[in-house]
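As structure tokens, the structure follows; a few thoughts come after it.
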Amino acid sequence: MNTVNTPSAQTIAASVQAGQSATIEVSAALDRAEADTLNAIIRVHRTSALKAAAAIDARIAAGETLPMAGVPLVIKDNMCFENHETTACSKILTGFKPPYMATALQQMLDAGAVIVATANMDEFAMGSSNETSVYGPVSHPLDADRIPGGSSGGSAAAVAARITPISLGSDTGGSIRQPASLCGCVGMKPTYGSVSRYGLMAFGSSLDQIGPMANTIADAALCLDSLVGHDKNDSTSVERSYETGHAATIAKTDLSYLAGKRIGYIEHHSELLSEEMRNHLDGIKQKLADAGAELVPVSLAHEKYATAIYYIIGTGEASSNLSRYDGVHYGHRSEDATDLNSVYNKSRAEGFGPEVQRRIMLGTYVLSAGYFDAYYKKAMRVRRLICEDYDKAFQNCDAIIGLASPTTAFKRGEKTDDPLTMYLSDIFTIAANLSGVPCLSVPSGKDKSGLPIGIHLQTPHWKEKDLLSFARCVELIRE
Ligand code: GLN
């Protein structure tokens, strides 16, 4: 693992804005991306990145102020990068070069960031260990036999290994926060509807959200400022005035922020944790209390159904979204096909990996006539109850604290033969996708084997500033 102390996004942006050439840090990041030994990086964009860096220098020289001037960025392989291969790490999209740019990427570029590389991920973002990618698994930055989490495992590992100070991930049930927790970096899922998903390859459209991954809360805040905003190309993008200036807020936040704040915790989560993980969480809660916060028990009575209904709603939406990959419109087409139906059937059978096929079959089943009411409709009702639980809980507290993952990084292959155990990796993160609230994982310490642990924080919709401020306090008190 690269332990070189590479500069933060904030430091790079400030020095490029002050006149240092963007090419210096961009070239250094390109070199690190090319030297990646974790399989976190699947494509390095040297030519376009160096061209973009020169263009940043010209924009600065012309008097522009760019909040992310020259900051090298790694993106997840499910975000359409115009004219660059983008495959969601699936064989079915081999060779696909989007003719347009995802809005979130365009906003990063407008702010001065430079895309240096594309990160590995679980195929179509389905997984919790980055073992379902057509490009092979990603290694954990601290232990090559372990997984980095998923599905944004490459994005998390790239940041944790200091290839770039920030990366982008996507989160449908925990895919930003769980790998951030396992790799020891920050990963944030903003409020549903705050970051455009135009150009994000859809998995579960009512759940998917793009968000920043970084080594510090300050850098995540800087990135968030440029990511949010209304986009008419995404019908779920919310038109409102977006609060920015989060990076400046975080720079000023200290522990006095906690005075008079109520932090809720979900009591039954303790039963789901090992003694070591429980003690860690209790230790952080105690330190927050010592610093002035009031810790209050809250209940999310229906949260225990979150994982079950996620695998109904998420797979239902996935089966519908992935029907567009038919061997005709994009990517892989079977060479053995003889007629239209065999083009569809064979291309999909050859193009999708086993986990994606499992989700499509599950999703098709729960949406099919005769089963729709029993599964999908019922799941949507339970989802409503979970949303109401959140509304009630937030009447009693300003944030909810817990752990992002029930365990630290597990061994490669440990859960691949047992999808149900794998699905339980996200028990603490899924409810936030179902309700749409903003949430993040912030590193809070290590277990006895030296593997990172992440604290999970959630706040009410649109309270990103509070979320980042609480997380900054965890950064300040952590071991
Ligand atoms: N691990 C979860 C799944 O496999 C979450 C994935 C995600 O958030 N994209 O569905």
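The values are calculated or read from the model by the stated rules, or taken from the named source; none is laboratory data. Quick caveat: nothing in here was measured; it's all calculated off a predicted structure. Cβ: placed from backbone, ideal geometry, glycine included. Neighbour counts: every protein chain shown. Quick note on the areas: whole protein, heavy atoms, side chains included, nothing else; ligands and nucleic acids left out. Shrake-Rupley method; radii C 1.70, N 1.55, O 1.52, S 1.80 Å.
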Completion exercise
Checking Arg383, Arg412 in turn, the sole residue that is among the basic types (Lys, Arg) and over 30 Å from Asp143 (Cβ atoms) turns out to be Arg383
Handout entry: helices (runs of 4 or more DSSP H) fully within region 152-257 counting 1 or more residues that are within 13 Å of the chain's Cα centre (by Cα) and farther than 21 Å from Ala49 by Cβ
Key = 153-160, 177-183, 217-227
Completion exercise
Of the conditions (1) at pLDDT 95 or above; (2) on the phi > 0 side of the Ramachandran plot, the single one that Asp145 does not satisfy is (2)
Fill in the blank from the handout: Out of (1) without any contact (Cβ under 8 Å) to a residue 40 or more places away in the chain; (2) out of contact with any helix residue (DSSP H, G or I) (no Cβ under 8 Å at 6 or more places or on another chain), the one Gly150 does not meet is (2)
Practice task
Enumerate the helices (runs of 4 or more DSSP H) found wholly within region 318-407, keeping only those where 1 or more residues are within 30 Å of Gln458 (Cα to Cα).
Solution key: 354-367, 378-396
Completion exercise
Within region 408-451, residues more than 15 Å from the ligand (Cβ to nearest atom), among the hydrophobic types (A, V, I, L, M, F, W, C) and not in a loop (DSSP other than H, G, I, E, B) come out as Val442
Problem - Odd one out for Ile313, checked against (1) open to solvent by less than 20 Å² (accessible area, probe 1.4 Å); (2) at pLDDT below 95; (3) not small (Gly, Ala, Ser) - result: (2)
Completion exercise
Note: among Thr407, Thr421, Thr459, just one is touching a residue at least 24 places away in the same chain (Cβ under 8 Å), of a type in the set (S, T, N, Q) and open to solvent by 20 Å² or more (accessible area, probe 1.4 Å), namely Thr407
Fill in the blank from the handout: Within region 126-140, residues open to solvent by 10 Å² or more (accessible area, probe 1.4 Å) and either within 16 Å of the ligand (Cβ to nearest atom) or of a type in the set (Val, Ile, Thr) (or both) come out as Gly127, Glu131, Thr132, Ser133, Val134, Pro137
Fill in the blank from the handout: Restricting region 209-252 to residues that are among the acidic types (Asp, Glu) and in contact (Cβ under 8 Å) with a residue 40 or more places away in the chain, the one nearest to the ligand (Cβ to nearest atom) turns out to be Asp234
Fill in the blank from the handout: Taking region 93-109 and keeping only residues that are under 22 Å from the mean Cα position of the chain (by Cα) and polar (S, T, N, Q), one is left with Thr103, Gln106, Gln107
Practice task
Return yes or no: is Gly292 on the phi > 0 side of the Ramachandran plot and either touching an Asp or Glu at 6+ places or on another chain (Cβ under 8 Å) or open to solvent by 30 Å² or more (accessible area, probe 1.4 Å) (or both)?
Solution key: yes
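So which of Asp122, Asp143, Asp110 ends up being touching a residue at least 60 places away in the same chain (Cβ under 8 Å), among the charged types (D, E, K, R) and crowded, with 24+ Cβ neighbours inside 10 Å?
So the residue among Asp122, Asp143, Asp110 that is touching a residue at least 60 places away in the same chain (Cβ under 8 Å), among the charged types (D, E, K, R) and crowded, with 24+ Cβ neighbours inside 10 Å is Asp122.
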